[in-house]
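Reading through the structure tokens given below for one structure.
The values are calculated or read from the model by the stated rules, or taken from the named source; none is laboratory data. Only a predicted model underlies this, so the values are computations on that prediction, with no experimental measurement involved. Cβ placement follows ideal geometry from the backbone for every residue including glycine, while neighbour counts extend to all protein chains displayed. The protein model used for the area step is the full one, side chains on, heavy atoms only, and it has no ligands, DNA or RNA in it. Shrake-Rupley method; radii C 1.70, N 1.55, O 1.52, S 1.80 Å.
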Amino acid sequence: MEKDIFCKIIDGEIPCHKLYEDDDVLAFLDISQVSKGHALVISKKHYDNFLTTPQEEMHKVMDVAQRIGQVEIKLLGARGVNILTNCYPASGQTVMHFHVHVIPRYDGNEGFILEMKSNEGELNLPALAKEIHNNLK
Ligand code: 5GP
């Protein structure tokens with residue numbers, strides 16, 4: 001099977017601007033900086049996305065994402081940070097290797113726009129909540 005681009009970065013076949021590395025996690029600057037310091041944190045073991053990653057690995061990646069966000073607030077003067085992970089192409093995932101975006105926010109003019117607007121009209125929220133609740137382990 002063809003290696004994905006992040007597996008190639010992990011194996012040193014493609015260079016990156018490294019921020020952090022240990023046995024399980026690698027963090028580096030996104031090649032397309034939607035804002036100054038836009039970082040990616042990835043699991044060294046290949047998992048397709050957040051939803052298919054075992055908890056232990058997922059926690060290690062999230063820990064590094066948290067630390068990078070904290071540093072970017074302190075060091076770069078970011079006024080906020082979006083921590084984002086896309087799961088499956090329908091959500092916008094383009095690289096099928098679990099990764100977390102750390103996106104510093106400064107003045108609102110970043111190349112990243114997150115808009116959430118009510119879109120579903122009348123839903124039966126009690127029934128919906130019950131159905132999801134009953135399926136959580
Ligand atoms: P996704 O849309 O899958 O959540 O995000 C994938 C991200 O990987 C994109 O923001 C894209 O800019 C970044 N990316 C893709 N190829 C490379 C690469 O070769 N090097 C780096 N540093 N980032 C990459």
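Quick notes
- Based on the Kirkwood approach, the hydrodynamic radius assigned to segment 5-112 is 13.9 Å, with every pair of different Cα atoms included.
- Area accessible to solvent at Leu75, 1.4 Å probe radius, in Å²: 130
- Scanning the chain for GluC sites (Glu not before Pro) in DSSP loops with at most 16 neighbouring Cβ atoms within 10 Å leaves 14-114 as the longest stretch between them.
- For the residue pairs Lys8/Lys74; Lys8/Lys60; Lys18/Lys74; Lys3/Lys74, alpha carbon separations beyond 27 Å are given by Lys8/Lys74; Lys3/Lys74.
- Less than 5 angstrom separates the built amide H of Asp30 from those of Ala39, Leu40, all sequence-distant by 5 or more or on a different chain.
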